[in-house]
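Working notes, structure below.
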Amino acid sequence: MLSFMTVGSILFALTNNIIIFYVAAIFIGISFVGTMSFNFFYISKKLENKFINFATSVILVGGNIGVILTPVVLTKIPEALHLEKNIQLHFFHNYSSNASFYIS
């Protein structure tokens, strides 16, 4: 699951192809769901009953913090490496200009 998150995050941050962008988003989603499910399963099997509620709360808070920080990190890495100047989203640019032409 960690490999899906790693590959998905790298592709998500560095791609300029819309199809690869969607594939990266799917990889990230699969890894998050799989990892969280495994964590809850692991907690239920390894901890005593009196610790399960606290451990589940800690995992949920940690997961939510990760969800909040992921977009921040993924936008700061290309900015720090000066990659934002090289990325051009031709797909969005072409269709947004065509859409504005059809609207007017």
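Looking for something modelled with pLDDT under 90, on the phi < 0 side of the Ramachandran plot, of a type in the set (D, E, K, R) and in a helix (DSSP H, G or I) - is there at least one such residue anywhere in the range 38-51? Checked the range 38-51: no residue is modelled with pLDDT under 90, on the phi < 0 side of the Ramachandran plot, of a type in the set (D, E, K, R) and in a helix (DSSP H, G or I).
Of the residues making up the range 25-84, those that are polar (S, T, N, Q), surrounded by 11 or more Cβ atoms within 10 Å (Cβ to Cβ) and under 24 Å from Val7 (Cβ atoms) are Ser31, Thr35, Ser37, Asn39, Thr70, Thr75.
Residue by residue, here is whether (1) assigned to a helix (DSSP H, G or I); (2) touching a His at 6+ places or on another chain (Cβ under 6 Å); (3) closer than 23 Å to Ala80 by Cα; (4) not aliphatic (A, V, I, L, M) holds:
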| residue | (1), (2), (3), (4) |
| --- | --- |
| Gly8 | yes, no, yes, yes |
| Leu11 | yes, no, yes, no |
| Phe21 | yes, no, yes, yes |
| Ile26 | yes, no, no, no |
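Any residue that is small (Gly, Ala, Ser) and in contact (Cβ under 8 Å) with a residue 12 or more places away in the chain - is there at least one of those in the range 55-65? So far as the range 55-65 goes, yes, one or more of its residues are small (Gly, Ala, Ser) and in contact (Cβ under 8 Å) with a residue 12 or more places away in the chain.
The values are calculated or read from the model by the stated rules, or taken from the named source; none is laboratory data. Just so it is clear, the model here is predicted, and its values are computed rather than measured. Here Cβ is always computed from backbone atoms with ideal geometry, including for glycine, and neighbour counts include all displayed protein chains.
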